[in-house]
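Below is one structure, written out as C-alpha cells; the observations come after it.
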Amino acid sequence: MSKSIDCSQATVFCGIDVSAATLAVAVIEQDQPLQQREFVNRASGHKALIGWLGKRKAQVRVSLEATGIYSLDLALALNDAPGIEVAVLNPKMANRFAQTLRRSKTDAADALVLAEYSCRMPFTAWRPPSLSALRLRAVGRHIVALVVQHTREQNRLHAAAGSQATPRCVVQDLKRSLISLERRIVKMRREAMALVHGDTEVQQRFRLLTGIPGIAATSAVQILGELALLAPEMNVRQWVAHSGLDPVHQHSGTSVHKLSRISRAGNRYLRRALYMPALSAVRWDPHMKAFYELLQTRHKTKLQAVIAVARKLLHAIYGVLRSRTPYDGRKLFPQLEPA
C-alpha cells in the first residue's frame, strides 16, 4: 500500500525497542510529557500499538532497529498503517547514536533513544521488499539451518562409528537422520529456485549474481534473500557495514597497535553467504586471485585476504545489480593486472 506522508508536518516521534516477546515504546510529542507503553510482539500487539499511535491525529515517525524476524512483521504492519512512517535502522547506527545520549541500558531507555533518533536525525523511510524476496530469504535461511544440522549429524556419526561402545542402532539412526536431512535440503533448494523463477526481477538479479565467478546457485539464493531488505538508496559502503565486513582499526599513540579486524556488527547470514564464494573466486577469477595474492605479499594472513576478497565480492554484487550489467573484473580492479 502506498502512502503520502508530509515529513515536514510530523509532530509525533516514536521509538520502539523490539524483543522476541514485547515492544517497549516511547513517544515524544510537542507540548506533551514523554509517554511510554509496552505491547506484546505479535499481531494483536501490533494492532493495539497502531491504534494507540493513531489517537494523536498527527503524522508519526517511528524508528526501530532491524532485529530479523522479531522486527519484520512489526515494520510491515506500521508501514501499511495510515499516518505512520517507519524507519528500520541498522543496529550499529542506532547504537552509535545511543552512546551520545543514554547512561542506562534498559528496554525503556532504548525506546527513548530511538524516539530521539526519530526527532533529531535525518529520517529515511523504510521501503518493504516484495513478498517473493521475503519468502526467498526465509527459504534461504532455512536451508542454512538444515546444512548446519547436517554437518553436526555427520560429525556425530563419525564419532559414533569410531567408538566400539556405540550400539549399531545409534549408528543406523544417525544415518537415517542424515538421509532425511539431505532430502529436505534438496526439496528446499527446489522451492528456492521456484521462487526465483516466479519473479522476473528476482530472476534477473539471480542471473547477474551467478555470472560472477565463485557464486553458484545456492550462494546466489542466500545472498539475494539477505539483500532483499536493504534500502534502494544505500551505497556500497553501507552494504559493507550492513554485512559486518567493514574493517576496524585500533591504533592510538605508541601503546595501542592491534591488528585490524572486521566489525562483525552486521548481518551474519550475509557474511556466511559470501565466504564460500570468496574461496571459489580466488581459484576461478584471475582478478580476484591477483588481488588475493597481492594481499599476501603485503603480509596479510590467508584468512584476512579471503575476508578482503569477500568484501570486494560484495562491491562486485553491488555494481552488477545497480548497473544491471554482467560482472567485469577489470572494472573492479582497474589497476591490477591478473597473471
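Read the figures in this text as sums done on the coordinates, not as results from a lab. The structure presented is a predicted model; accordingly, all values stated were derived computationally and were not measured. So basically every Cβ, Gly included, is an ideal-geometry build from the backbone, and we count neighbours across all protein chains shown.
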Relative contact order [Cα under 8 Å, 6+ residues apart], the chain, whole percent: 13
Order of CYS119, CYS14 - criterion: other Cβ atoms within 10 Å of each residue's Cβ, fewest first: CYS119, CYS14
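For the chain, with only Lys/Arg (+1) and Asp/Glu (-1) charged at the beta-carbon, what is the dipole magnitude about the Cα centre, in debye rounded to 20?
On the way: 48 positive and 25 negative charges, 215 e Å.
Computed about the Cα centre, the dipole is about 1040 debye.
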For the range 65-80, 3J(HN,Hα) per residue [Karplus equation, 6.51 cos²θ - 1.76 cosθ + 1.60, θ = phi - 60°, Hz, x = Gly/Pro]: 8, 6, 10, x, 5, 5, 9, 5, 5, 5, 4, 5, 5, 5, 5, 7
Calculated Kirkwood radius over Cα pairs in Å (choose from [x] 22.8; [y] 19.7; [z] 21.2), label: [x]
Helix-only CD estimate at 222 nm, as mean residue ellipticity for the chain, using -39500 (n - 2.57) per DSSP H run (n ≥ 4): -18500 deg cm²/dmol
Gaussian network model of the chain, Cα within-10 Å springs - most flexible of HIS287, HIS158, HIS46: HIS158
Antiparallel %, DSSP beta bridges [both residues in the chain], to 5: 60
C-alpha center-to-center spacing [the range 200-215, the range 130-149] in angstrom: 17
Gap separating the Cα centres of the range 305-319 and the range 168-197, nearest whole Å: 31
Over the range 131-198, relative contact order from alpha-carbon pairs under 8 Å, at least 6 apart, %: 51
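When a/c reaches 1.5 or more, the comparison of a/b and b/c decides; with that in mind, is the range 7-120 rounded, prolate or oblate per its Cα gyration tensor?
On the way: a/c = 1.43, a/b = 1.07, b/c = 1.34.
Here the range 7-120 falls in the rounded category.
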GNM result for the chain, Cα springs below 10 Å: residue of LEU230, LEU174, LEU313 fluctuating most strongly: LEU174
3J(HN,Hα) from dihedral phi, the range 11-26, Karplus parametrisation 6.51/-1.76/1.60, rounded to Hz, x for glycine, proline: 10, 10, 10, 10, x, 10, 8, 9, 10, 4, 9, 9, 10, 8, 10, 10
C-alpha long axis of helix 43-54 to longest principal axis of the chain, angle in °: 40
